[in-house]
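> Here you go, one structure.
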Amino acid sequence: MGTITGGWGFVIAGYALTAMVLVSYTISLVIRSRVRFPSPEGEGGAPAPGEGSRADRGEW
Amino acid sequence: MNQLLAALWKEGLLQWNLRSRFFAVAVFGTTSLLLFSFAIGPSAHALRQYSAGFLWLALLLSSTLTLSESFHAETEHRALEGLLLLQASPRALFYGKAIANWLQLAILGMMLVPIMVVLYDAGTTDLFRLAGIILLGSAGLSAPGTLYAAMVTQARAQQTLLPLLLFPLVVPVLLASVKATSLLILGDPMGQTPSWIGLLLCFNAIYWSLCGLLFGRVVEDS
Amino acid sequence: MTSPRLSRRLPLLFILVGAALLLCGSYIGLFVAPPERMMGEVQRLMYVHVPTAWNSMLALTFAFIAALAYLIGGAWKWDARMEAGIEVGVVLAFLLCVQGSIWAKPTWGVWWDWDPRLTTTAVLLLAFAGIIALRRFVDDPGRRATWSAVATIIAFADVPIVYFSVKWWNSLHQLQSTPQTVSSAFHLPLRMNAFGILFLMIGWIMLRSRIAQARLESELAPPPAATSFSDNAHATAGGHR
């Protein structure tokens, strides 16, 4: 009793969209975390996120 | 307290000098009301039904003009920094500016009422309550609006940022003001108006204190 | 020396565990749990909708706490965390609105039913998206941090007010309501998915904070001593915090 027409279609749409958003945001985060930010002088080699960034700066 | 009075006096002078700007905004508000009626069509019944909504939308749109302008005088010759260096209390500055904006919006709202009466055939005899609702609603727009105006004057893309930040925030004010005004115009058989007014009072109590508290942080680096 | 290595991998670990939990929970929710009496198959959307709701509010609450922490203490890491919390919260809130819309169509016949929780989410989404826009338009890191922290506090304080006002407003028009309770037969997939998205969210916030922190560090970096004094085009931010 009480079925709603097209139920499974909406369920699949909902799950698919959810999966798409979750996966694409995760991928975008992983990609962005690998990007290096330019230093103020425009030279490459700005510290990578995470380890050792402050130690690197001391070498300048 | 003295600082607050001084700030209010300054605002009064400022607004008087800039009264032509106020009239321009009033024309804008009137034009908006006219345009809304074109969007609905000449159905007298529909226009009357939604008149409260149109009034408050027009006021909301006009508020972006008045609010974003409100700090221009202070930023023009870096007057804000000067004021703060002279140890003016940021809180007095905020409340002075917010009260000035509030009065401006309230006067604008009351000016738009006769336009609403004419265009939408929507009036009420309970003018006292209507004035009260307009005062409360304008206050709700003014407190966060003044805070964001201070931020936005110092940033880029002022015209887009202010409505972007303000509009989602004042949804409760819009809802409550529109409902309360609508009940005044169309009748309130179940006596719901007091609860909407209560919501407006609550919003104002929270935001007038919160924004006053936080204003100092917003202007401190300028 | 393994500690930096581990901390680098930690977000990805959270994400993987979260994804695994989500896959299991969704599988159970889709194929194992029985359909609900009244709503039929559509009810299965609740297994992702409710966890998304919980976690989007959680992310925004985290952003609020980070904003407070920044305004009180002034450490840059709290600004980075707040930025992460806001972005993750916005992504989840957006997802929530889309899911809610997909749920509403077969149930009520309309794409939007002005349900108080969903409407509040939409307002929240716009408010915090506005804060992301604010951050883009302010260049000075100190000012950007302070202003967006203030805006976050103000927006967050608005949440209960918006919720109650929409609830009142809506109750005068509609008598429909979204299901509040979930009967016990459905607890397992719901819980698994809730933890799944929670772990995903934690991993996301960690990664995103890291990105924000890296950008802050590059913005606040003092110029190398080797450059000449005449080369003074860049004003480094006066972040004394």
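None of the figures in this text is laboratory data; all of them are computed from the coordinates on show. All values reported here derive from a predicted model rather than from experimental measurement. Reconstructed Cβ throughout: ideal geometry from the backbone, glycine too, with neighbour counts over all protein chains shown.
> For peptide C:48-55, compute the average count of partner chain beta-carbon atoms within 10 Å of each residue's beta-carbon.
Mean shielding count: 2.
> Could you please state, rounded to a whole Å, how far the C-alpha centre of the stretch C:108-122 is from the C-alpha centre of the stretch B:149-222?
22
> With a cut-off of at most 14 other beta carbons within 10 Å, and DSSP calling the residue loop, which trypsin sites (Lys or Arg not before Pro) in the stretch C:7-41 qualify? Please list them.
Those satisfying the criteria are C:ARG37.
> How much FRET efficiency would the formula 1/(1 + (r/R0)^6) give for B:SER20 and C:LEU68, where r is the Cβ-Cβ distance and R0 is 41 Å, rounded to 0.05?
Using R0 = 41 Å, I get an efficiency of 0.45.
> In the neighborhood of A:LEU29, defined by Cβ-to-Cβ distances under 12 Å, what is the net charge if each Lys or Arg adds +1 and each Asp or Glu adds -1?
In short, +3.
> If you don't mind, another one. What residues from the stretch B:177-196 fall in the zone where the backbone N is under 20 Å from a label point 7 Å along the Cα-to-C-beta line of B:ALA46?
Counting only backbone N, you get B:182, B:186.
> Right, here's the next one. What is the mean number of Cβ atoms from other protein chains located within 10 Å of the Cβ atom of each residue in peptide C:12-19, rounded to a whole number?
What the average comes to for C:12-19 is 2.
> What is the packing order of peptides C:41-53, B:164-176, B:107-119, taking the mean over residues of other C-beta atoms within 10 Å and listing the highest first?
C:41-53, B:164-176, B:107-119
> Ordered by packing density, taken as the mean number of other Cβ atoms within 10 Å over each peptide's residues, highest first, how do A:13-23, B:47-57 rank?
Output ranking for A:13-23, B:47-57: B:47-57, A:13-23.
> Would you mind telling me which residue in B:THR31, B:THR75, B:THR125 has the biggest mean-square fluctuation in a Gaussian network model of chain B, where springs connect alpha carbons within a distance under 10 angstrom?
Highest fluctuation of the listed residues: B:THR125.
> Step by step: find N for the stretch B:85-222, compute 2.2 N^0.38 Å, then divide the Cα radius of gyration by it. What's the final number?
1.16
> Given B:ALA176, B:LEU200, B:GLN3, which one lies farthest toward the positive end of the charge dipole of the stretch B:2-219, if we put +1 on the Cβ of every Lys and Arg and -1 on the Cβ of every Asp and Glu?
In the stretch B:2-219, that residue is B:GLN3.
> Determine the calculated [θ] at 222 nm for chain B from helices alone, applying -39500 (n - 2.57) to every DSSP H run no shorter than 4 residues and normalising by the residue count; nearest 500 deg cm²/dmol.
Only helices count here, giving -29000 deg cm²/dmol.
> Right, next: With +1 on each Lys and Arg Cβ and -1 on each Asp and Glu Cβ, and nothing else charged, work out how big the dipole of the stretch B:2-219 is about its Cα centre, in Debye to the nearest 20.
Taking the Cα centre of the stretch B:2-219 as origin, the dipole is about 220 debye.
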